[in-house]
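Below: the structure, in structure tokens.
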Amino acid sequence: DKGVAFVAPLAALGRAHSFPLVSIVDRIVRRFVPLAVRVWWRRGGAVNLGDLRSPEPLSRVFGSDRGQPICRWYITRFLAAHAGGIHGRVLEVAGNDYTRRFGGARVTRSDVLMVVEGNPAATIVGDLQTGAGIPEGAFDAIILTQVLQCVFDLPGAMRTIHRALAPGGTVLITAPAIAPVSQYDVVRWGEFWHLTPQSLTRLLATEFGADQVQVSACGNHIAAHAYLAGMAADELTDAELAPHDPDYPVVITAVATRTPLRATTSA
């Protein structure tokens, strides 16, 4: 221990200031200080994993059995911030809870999309990849929350979304970044991708144009670790959930608008 107390700080000082003796000190450290001690020192001490030191997560349903899933904490805030874009004829996938919650009286018609028959709430059975069954130029707003990871042909989906919007219409998208895999989706239609801000920006910009797309990310290392462990948003504070760390995105959000028709002027 006395050797560590002397040699380790000296090695750190040498590395910090690029002293010529740094290579000599590093060799001394590697020779006389056990690997486990070196790792412990560089990490700043032991990490107490507590309840997380188990191969079984706290929840296998995204923390929904413990409270509100962490991803939904970010999703609801994103939709609330862009609620003004939810109006007119609106398309949502699997249900219309967000349409009703954030569109309210601004919504004149609510449609629900499913890729397969069997959902009594569905008004449209169609395929985002091919566009089959989905009307073109019909929707003032489309809400796609945590859907794109289940679509294998993402460029095809971007084309369908763009075509389905009326000119001036807006799609509000959320997609998982750091997240558990949903076995519910895997066995029904598949789960193929977890996205990044870069990937979603490029996908949307190809169809909508870069100036019509805004992509952001939500999350930080606390939220990411908690989400992977199966904790609920209720078990964290807003101060722990709200900060954004680009190295630890939990949810990717995007707003993309189809270019409005240009007004024509008479001669």
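Coordinate-derived values only; no laboratory data. In this text the structure is predicted, and so the values were computed from the model without any measurement. Quick reminder, even Gly has a Cβ in these numbers, built from the backbone with ideal geometry, and neighbours come from all protein chains shown.
Centre-to-centre, using Cα atoms only, the stretch 62-133 and the stretch 198-253 are separated by 19 Å. Database remark: amide H of Asp245 closer than 5 angstrom to the amide H of Gly219, Asn220 (H placed geometrically; neighbours at sequence offset of 5 or more, or on other chains; Pro and chain starts carry no H). Amide H contacts under 5 Å for Arg89: Thr108, Arg109, Asp140, Ala141, restricted to partners 5 or more places along the chain or on a different chain, H placed in the peptide plane at 1.01 Å from N. For the peptides 83-93, 53-63, the ranking by mean Cβ contacts within 10 Å, running from highest to lowest, is 83-93, 53-63.
Couplings for the stretch 135-150, taken from phi via the Karplus curve 6.51 cos²θ - 1.76 cosθ + 1.60 with θ = phi - 60°, read x, 9, x, 9, 10, 7, 8, 10, 10, 10, 9, 6, 10, 4, 5, 9 Hz in order; Gly and Pro are left as x. Here the simple spin-label model places points 7 Å from the Cα toward Cβ, and for Arg109 and Ala239 these points are separated by 4.9 nm. The magnitude of the dipole of the stretch 93-192, with charges of +1 and -1 set on the Cβ of Lys/Arg and Asp/Glu and taken from the Cα centre, is near 300 debye. Remark: spin-label model distance Arg163-Ile28 equals 7.1 nm, labels positioned 7 Å along the Cα→Cβ axis.
Converting phi to 3J(HN,Hα) with the Karplus coefficients 6.51, -1.76 and 1.60 and the offset θ = phi - 60°, the stretch 153-166 yields 8, 5, x, x, 4, 4, 5, 5, 4, 4, 5, 6, 6, 6 Hz in sequence order, with x at every glycine or proline.
A protection proxy built from the mean count of other Cβ atoms within 10 Å ranks the segments 251-257, 101-107, most packed first, as 251-257, 101-107.
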